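Presented below is the structure to which this report refers.
The values are calculated or read from the model by the stated rules, or taken from the named source; none is laboratory data. Note that the structure is a prediction, hence the values are computed from the model and not measured. Here the Cβ is made from the backbone with ideal geometry for all residues, glycine too, and neighbour counts use every protein chain on show. We work out accessible area using only protein heavy atoms, side chains counted, and drop any ligands, DNA or RNA first. Shrake-Rupley method; radii C 1.70, N 1.55, O 1.52, S 1.80 Å.
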Amino acid sequence: MGIVSLDQKIQRLHFDEFGMDNKIVFAFFDKLAANDRDETLYKAIYIGVLALMEDRLATFLSKTQNELGTELESLKLLFDMKKELFYKSSVKGLVAEDDVTEALNQYFIDKKLKDIAHQTGNTAGKIKRNKTGDIVCKVDGVDNLKIVVECKFDKSIRLGDIESREIFSSKTDTAWSQLLEAKVNRESKVSIIVFDAAFVDNSVLNYVESVSFIHGIGFIAIVDSQKGDYSNLFIAYRLARDIVLNASDFNYDPKILTLLVKRIIKDINSHFTIQSLVHKNIETNKEILRQLQKTMLLMEFNEKYLRKFLSEGTLTAQDLLDFYESDEVRENYKSVEANIKNMLTEN
């Protein structure tokens, strides 16, 4: 008797009680809060079914089944599946919201902030039947200090600035409209809209490039989720957080605020650019060290057997096997590799 059964009348899928011995799946669910696991399982099944329906993924599985080792196959499968699902419009939004929420909460942990980011899901906000505002962040966990984040990994969303808006054309979502709508709908102090570098209209990209602040509207941030780079979102959030915590009710000059924020964004972006160059240089130097150490270990290993040959005039069959396999070099290199990794740590 199988564990899966179908109720054809109500078109419902049933599972009998079962367990699963899979390290990757266990590690993933082990990181989740207990009350989030059921909902995540539903999403995993849905996304998995969509993935299996994709011919290219099925082809990939058949090609790699006998060619790759188990561990490498799992890693490559995970990478390709995430990329495949990311480009499927039907699940792209869910993937984006999950990844952005996870990135924000990890950022809060790293910066020792008490902020909390949670997805609003299918819950309507203040505006009737309106679900705009995908993620709500509570600053210091306080209910009335909220920053709303809208994820739009969609090339059809234009900038929509008020100067170019055509009043009598059919209504469409824009970056401006989504920022305003999200702020009202989730009753937040500041709103942020997030685009992915692979899915952003040129009107937005040309205006923003990385991070931008529109006074009275909100922040626009462009991330690269496939590379796991959410630094522009963190810049926008950091500034939005300062506004939420420090803005008073008195009148202030919006032009000066915009000037200050744009200058801060420019300087922070410059910092990240320099930091990225430093990290790349560090990795390059590490690779140079690896190659130098490998060469040195090989020289010492080869010299050892040369001395043995010159001393004894021959090498035994075991000597030749050991020389060919070179297990000793690989073992010695493990400690060298560990030292190189620990030599320079990223801040």
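Using the beta-carbon distance between residue 7 and residue 114 and R0 = 51 Å, what value does 1/(1 + (r/R0)^6) give for FRET efficiency, to the nearest 0.05?
With R0 = 51 Å, the Cβ-Cβ based efficiency is 0.65.
Give me, ordered by chain and number, the residues 5 or more places off residue 196 or on other chains with an amide H under 5 Å from its own placed amide H.
Under 5 Å from the amide H of residue 196 lie the amide H atoms of 154, 223, each far enough along the sequence or on another chain.
With a 10 Å radius around each residue's Cβ, average the other Cβ atoms per peptide and rank 149-158, 315-324, 136-145, highest first.
The packing order, highest mean first, is 149-158, 136-145, 315-324.
Is the C-alpha gyration tensor of the range 134-225 telling us rounded, prolate or oblate? Criteria: a/c under 1.5 is rounded; beyond that, a/b larger than b/c is prolate, otherwise oblate.
Oblate, because a/c is 1.5 or more while a/b does not exceed b/c.
Ranked from the most accessible area to the least, with a 1.4 Å probe and all protein chains present, what is the order of 292, 205, 297?
Working: 292 105, 205 65, 297 25 Å².
So the residues, ranked largest to smallest area, are 292, 205, 297.
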